[in-house]
Amino acid sequence: MILPDAIKCQVKTGDVVLVYTYENARYQAFIIIHSPNVAYASMIKALEKDSFEIVAMDYSIPTAIQEQFELALKFKTLSLFGKKETDSISPNTFFNPENFLDFKIRIPVNTVIDKNKLISTYLKYNVERINFTYYIK
């Protein structure tokens with residue numbers, strides 16, 4: 001797949017781009033996963049043996065669409081035997097007046113990430129971009 005110029009200009013060496021299509025490619029969503037310190041694929045490769053702990057994460061929206069923070073962040077775990085566990089938190093809980101201007105929320109997470117855990121959320125239709133910055137121990 002050839003990336004559109006609007007996406008291509010945001011991608012750096014070592015980034016991973018996930019492409020989602022809907023209705024025969026009429027709609028597309030591009031998820032760019034970037035790490036400023038190490039190529040994302042290298043970090044995933046490290047999970048073959050290890051896990052890592054996320055101490056905190058910054059969740060920011062470059063545009064002033066605060067309604068996105070109403071949607072829960074979900075931490076999901078799937079065991080080797082098919083047991084599913086889900087834990088949700090509301091980003092609005094961590095929204096303070098001092099971070100109103102840049103629409104950034106720091107969330108204390110303190111969870112171990114391995115091959116069986118994921119973090120997810122839904123996107124509002126009018127949110128073009130969100131950013132997550134993870135602080136790893």
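The values are calculated or read from the model by the stated rules, or taken from the named source; none is laboratory data. Values in this document were obtained by computation on a predicted structure and should not be read as measured data. Note that each Cβ is placed from the backbone with ideal geometry, even for glycine, and that neighbours are counted across all protein chains shown.
Can you find, within the range 77-93, the residue that is farthest from the chain's Cα centre (by Cα) among those that are charged (D, E, K, R) and surrounded by 10 or more Cβ atoms within 10 Å (Cβ to Cβ)? Full working, then the answer.
Taking the range 77-93 as the starting set, the residues that turn out to be charged (D, E, K, R) are 83-85, 87.
This time we only want the ones that are surrounded by 10 or more Cβ atoms within 10 Å (Cβ to Cβ), so: 85, 87.
Details: 85: 19, 87: 16 Å.
Of everything passing the filter in the range 77-93, 85 is farthest from the chain's Cα centre (by Cα).
What do you reckon, is residue 1 at pLDDT below 75 and surrounded by 14 or more Cβ atoms within 10 Å (Cβ to Cβ)? Answer is no for this residue.
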